[in-house]
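The values are calculated or read from the model by the stated rules, or taken from the named source; none is laboratory data. None of these values were measured; they are calculated from a predicted model. Note that each Cβ is placed from the backbone with ideal geometry, even for glycine, and that neighbours are counted across all protein chains shown. All accessible areas refer to the heavy atoms of the entire protein, side chains included, with ligands and DNA or RNA removed. Shrake-Rupley method; radii C 1.70, N 1.55, O 1.52, S 1.80 Å.
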Amino acid sequence: MPRVLVINECVEHAGRLQQALLENGHEVLATRLLSEQWIGQIEALQPDLVVMDIALPDSRLLDQIRTISSRWPRPVVIFADQDDSEIMAAAVDAGVHAYVVDGFDGRRLGSILDVAVARFRVYQTLRDELDRTRSSLRERKLVDRAKGILMNKRHWSEEQAYRALQKMAMDQNRRLADVAERLIEMSELFE
């Protein structure tokens, strides 16, 4: 059963959305007003998704959503009363996975949340892949730089320098990139 944190602009709308979520098989962990300090509830409650029912997101709310996306990634759904294409684009850029105009319809709620969760998973997969690629590139640059230092100082071939780095990594039971980084640091000390 997916666990949901509901954020509303007014108390009157909270009951309808909460009831629709329960009817669609979701557990409502808490309902908070937009004016409250709700962002800390993400860390405390660890909801599976955040559902917001508001008239129109402002820049402050979009900044809060960016914080959620970077610190505690999870699907975010906004049901807005007003249509504004620039704000929709900014909301998606901030980390909103579904943006629905003209409020919510209980009959479509399950589908909307399912799509938001699916989009979130795709986004997270791409983000994780990008992080791995960046890390791999950084490690490769370190190894290449360390090889260059060894080639220059010892007059070794690239293969000899690489094998020396590999041997150091094995002897020290460390990753190749860590050994390369350490060698670069030591080299900079003596320059």
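Mind listing which trypsin sites (Lys or Arg not before Pro) in the range 82-141 are in a DSSP loop and have 14 or fewer other Cβ atoms within 10 Å?
Those that pass, being in a loop and sparsely packed, number zero.
In nm, to one decimal, how far is the modelled label at LEU56 from the one at GLU185, with both set 7 Å along Cα→Cβ?
So the label points at LEU56 and GLU185 sit 5.3 nm apart.
Ignoring ligands, DNA and RNA, how do TRP156, TRP38 rank by accessible area with a 1.4 Å probe, largest first?
The residues order as TRP156, TRP38, largest area first.
How many angstrom lie between the C-alpha centres of the range 145-161 and the range 59-125?
Using only Cα atoms, the two centres lie 51 Å from each other.
With θ taken as phi - 60° and the coefficients 6.51, -1.76 and 1.60, list the Karplus ³J(HN,Hα) couplings across the range 139-153 in order, rounded to whole Hz; mark glycine and proline as x.
Taking θ as phi minus 60°, the curve returns 5, 5, 4, 4, 5, 4, 5, 5, 4, x, 5, 5, 4, 6, 6 Hz for the range 139-153.
Quick one: accessible surface of THR31, probe radius 1.4 Å, all protein chains present, in square angstrom to the nearest 10.
Here the accessible area works out near 40 Å².
At 1.4 Å probe size, what's the solvent-accessible area of VAL76? Round to the nearest 10 Å².
0
Could you work out which residue, out of ALA90, ALA164, ALA20, moves most in a Gaussian network model of the chain, that is, has the largest mean-square fluctuation with Cα springs under 10 Å?
ALA164
Could you order TYR123, TYR99 so the one with the most accessible surface comes first? Probe is 1.4 Å.
Result of the area sort, largest leading: TYR123, TYR99.
Roughly how many percent of the accessible protein surface of the chain is carbon and sulfur, given a 1.4 Å probe and a whole-percent answer?
Result for the chain: 48 percent of the exposed heavy-atom area is carbon or sulfur.
Calculate for the chain the 222 nm mean residue ellipticity that helices alone would give, adding -39,500 (n - 2.57) per DSSP H run of length 4 or more and normalising by residue count, nearest 500 deg cm²/dmol.
About -21500 deg cm²/dmol.
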